[in-house]
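Take a look at the structure set out below.
The values are calculated or read from the model by the stated rules, or taken from the named source; none is laboratory data. A quick note: this is a predicted structure, and the numbers were derived from the prediction, not measured. We place every Cβ from the backbone using ideal geometry, glycine too, and count neighbours over all the protein chains shown.
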């Protein structure tokens, strides 16, 4: 049943997804669609470059497809993506002021929709897409509606966990920052202690506006204390913490599996790593054409040389 809160939440998500973005992001989406055609259902832009509008870094894109075989062009990459999604590639396209770079994650549309509903132990996707994102491309109205529904589900899932893991009484900031602290710990990410507050602070008004709408959709009743703080009801925090402990253990394992898979499936991954090293060190990395073509075979020799020359420590 479509309720008023559902409509209001969806309207806010549409506003999010249609926010203005820099032309460099559009150019990346155009390049993806030009290469993969009708297999691309949607292209989403998210992450720190969206928040800061910084085009000098690597933009984070998510591509949704309803035909992994057509998108990848080969059976094995499609099968691996279906088993352990997403598959990641590094993309460079020319821009008006220089090269535009992106890390592109690819996933099946249906798998994406299931993942953000929160019924599985993997927290990665709904933790990403409860944060602001922009829809760079949708193949048709059906694809656009699927993205709006999925991002709405991500916000609902995140809001539910924010309440379950948060304090018995608090401000929206208390619940969101607690959530982000937990989701970072469920991944192999070295984030600073203030990262959760920064992520919330970048879009605090948005998070505060979405939380009550999402909680209504999640069926969690909330009253307001005399000082204005939220008081959620019907929350079994002990059960929630046990459930989260399982997700944290599995999350780290899933990250290890994805990293192992990326060694074999990260398209142009060597170029991505070399760019990161060059950006960090301020000088070109000496790598031969053969080493670029065979990154796994060349890895021991390249790592030794990079260590000797001070690129890595």
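Here are the numbers for the structure shown:
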| read-out | value |
| --- | --- |
| Scan of segment 199-221 for residues that are free of Cβ contacts under 8 Å to residues at least 12 places away in the same chain and either touching a helix residue (DSSP H, G or I) at 6+ places or on another chain (Cβ under 8 Å) or under 15 Å from residue 179 (Cα atoms) (or both), ordered by number | 201 |
| Residues of segment 107-125 that turn out to be in contact (Cβ under 8 Å) with a residue 60 or more places away in the chain and crowded, with 23+ Cβ neighbours inside 10 Å, as a count | 1 |
| Residue in segment 181-189 that is in the same structural domain as residue 225 (by TED's automatic domain parsing), modelled with pLDDT of 95 or more and either touching a helix residue (DSSP H, G or I) at 6+ places or on another chain (Cβ under 7 Å) or assigned to a loop (DSSP other than H, G, I, E, B) (or both) present | no |
| Conditions (1) surrounded by fewer than 23 Cβ atoms within 10 Å (Cβ to Cβ); (2) in contact with a strand residue (DSSP E or B) (Cβ under 7 Å, 6 or more places away or on another chain): number failed by residue 53 | (2) |
| Members of segment 58-77 found to be surrounded by 15 or more Cβ atoms within 10 Å (Cβ to Cβ) and out of contact with any strand residue (DSSP E or B) (no Cβ under 7 Å at 6 or more places or on another chain), listed by number | 67, 69, 72 |
| Members of segment 15-32 that are outside any loop (DSSP other than H, G, I, E, B) and touching a strand residue (DSSP E or B) at 6+ places or on another chain (Cβ under 9 Å) | 16, 17, 23, 24, 25, 26, 27, 28, 29, 30, 31, 32 |
| Residue 35 being exposed (fewer than 15 other Cβ atoms within 10 Å of the Cβ), in the same structural domain as residue 113 (by TED's automatic domain parsing), within 19 Å of the chain's Cα centre (by Cα) and not in a strand (DSSP E or B) | no |
| Leading residue by the ranking (surrounded by the most Cβ atoms within 10 Å (Cβ to Cβ)) among those in segment 126-153 that are part of a loop (DSSP other than H, G, I, E, B) and touching a residue at least 12 places away in the same chain (Cβ under 8 Å) | 130 |
